[in-house]
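Step one of this worksheet: look at the structure below.
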Amino acid sequence: MDRREFIGALAASSFACALVGCAGRGIRQAGGSVMTVRGPVDRADLGMTLTHEHLYADVRPYAEQAAKPLPPDMDDVVAVVLPYLQEIRRHGCRTLIDCTATTLGRDPLLIRRLSEASGLHMLTVTGAYVAADGRFIPPYVRDQTDEQLAARWIGEWRDGIGDTGVRPGLIKLGLEGDPLSDIERKVLRAAARTHLETGLVIAAHTGPWSEVEPGRNARCAFAQLALLEEAGVAPSAWIWVHAQNEALGSHHVRAARRGAWVSFDGFRPEQATDYVALIERMREEGLLDRVLVSQDAGWYNAGQPRGGEFKPFHPIFTALIPALQANGFDEDEIATLFVRNPARAFAVRERTQQAS
Ligand SMILES: [Zn+2]
């Protein structure tokens with residue numbers, strides 16, 4: 001942890017806030033804020049956070065989406081999704097990060113409406129998803145240079161997404177190459193440029209499963225890190241999304257030691273034992289402060305009656321946190337995972353290779 005991060009961690013703890021009355025302007029500036037769909041929020045105010053979820057999505061291939069747009073019936077989405085959000089609010093959740101990529105149904109106005117209705121802070125994304133055999137890649141992502149893509153994403157940050165006035169809180173990528181393809185390398189360079197200009201964290205869906213070939217997902221992850229470092233971006237500006245897809249825990253440790261965020265984010269209630277083991281391993285190595293935990297749940301699906309089968313957001317609170325506590329995780333460690341780490345990861349802050 002560098003000095004700025006240490007000060008930030010202090011700012012994120014309510015005890016420290018009480019101590020300094022949260023008046024230390026220096027702390028706030030150094031700690032930074034998080035960009036929610038309703039504007040900037042001090043990172044100390046994020047509270048209990050789910051870092052990787054989905055509210056609404058359109059998972060039809062891009063060509064099909066372009067040929068036949070299916071704009072969400074906002075009232076219906078709210079009717080279906082709001083009770084799930086109210087439920088996690090009752091469990092103490094204060095922030096939900098919607099990681100739905102730009103061409104998978106990202107809808108800033110819908111997310112803002114759900115944020116207003118639920119009272120939860122929410123974040124949306126900029127970026128590009130080029131995994132899934134390329135079926136979500138729009139023509140401009142193929143045609144434009146990394147510089148042009150970065151200009152587009154920085155424009156969303158500066159002026160809002162389209163004419164919504166909603167600004168992104170993270171850069172979401174989707175990658176799966178081993179080795180990385182040309183287009184994957186291009187969007188990573190664009191993400192590096194965008195990060196250095198905006199301070200937004202880069203959350204990279206890292207695709208390949210390593211069940212058959214342990215180490216495969218990690219190769220994709222470390223290739224990304226190498227490219228970003230080469231572009232001057234520190235590992236602490238990068239989130240290894242779906243790190244649970246890598247079967248070898250030693251790679252999680254290696255990435256975290258290098259400063260990256262390791263995100264175990266596909267939790268389902270029946271996986272409590274597996275997730276406790278993943279997190280326990282990181283704790284044993286003294287790396288709990290590099291770990292993010294979420295569920296990749298939700299998914300009101302465009303084009304399906306009432307959005308299809310919505311996956312609830314509560315299991316982290318009703319199954320995982322109790323399992324962690326039963327395995328000796330104390331309140332402070334739970335706060336590290338679900339309060340302090342999200343606040344540090346998503347704080348808008350330039351993280352350069354030289355400075356970290
Ligand atoms: Zn996801």
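Listed here are the residues, each with its yes/no results for (1) touching a Ser or Thr at 6+ places or on another chain (Cβ under 9 Å); (2) of a type in the set (V, I, T); (3) within 19 Å of D265 (Cα to Cα).
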{"site": "S294", "(1), (2), (3)": "yes, no, yes"}
{"site": "Y300", "(1), (2), (3)": "no, no, yes"}
{"site": "P305", "(1), (2), (3)": "no, no, no"}
{"site": "K311", "(1), (2), (3)": "no, no, yes"}
{"site": "P315", "(1), (2), (3)": "no, no, yes"}
{"site": "T318", "(1), (2), (3)": "no, yes, yes"}
{"site": "P322", "(1), (2), (3)": "no, no, yes"}
{"site": "Q325", "(1), (2), (3)": "no, no, yes"}
{"site": "L337", "(1), (2), (3)": "no, no, yes"}
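Residues to consider are P72, P138, P168; find the one that is surrounded by 15 or more Cβ atoms within 10 Å (Cβ to Cβ) and under 16 Å from the mean Cα position of the chain (by Cα).
It is P168.
Restricting the search to the stretch 234-285, which residues are small (G, A, S), in contact with a His (Cβ under 8 Å, 6 or more places away or on another chain), farther than 14 Å from A218 by Cβ and assigned to a helix (DSSP H, G or I)?
Across the stretch 234-285, the qualifying residue is only A237.
Pairs needed: first member in the stretch 124-136, without any contact (Cβ under 8 Å) to a residue 60 or more places away in the chain; second member anywhere, in a strand (DSSP E or B); C-beta distance under 6 Å; at least 6 residues apart or different chains.
Listed pairs, sorted by first residue: V130/G174.
If only one of A57, A101, A79 is more than 16 Å from the ligand (Cβ to nearest atom) and either within 16 Å of the chain's Cα centre (by Cα) or of a type in the set (A, V, I, L, M, F, W, C) (or both), which one is it?
Of the residues listed, the single one that is more than 16 Å from the ligand (Cβ to nearest atom) and either within 16 Å of the chain's Cα centre (by Cα) or of a type in the set (A, V, I, L, M, F, W, C) (or both) is A79.
Tell me, please, whether a residue that is modelled with pLDDT of 95 or more, among the charged types (D, E, K, R) and either within 16 Å of the ligand (Cβ to nearest atom) or more than 17 Å from Q304 (Cα to Cα) (or both) can be found in the stretch 27-38.
yes
The values are calculated or read from the model by the stated rules, or taken from the named source; none is laboratory data. These numbers were taken from a predicted model, which means no experiment stands behind them. Neighbour counts are summed over all protein chains in view; Cβ atoms, including those assigned to glycine, are modelled from backbone coordinates with ideal geometry.
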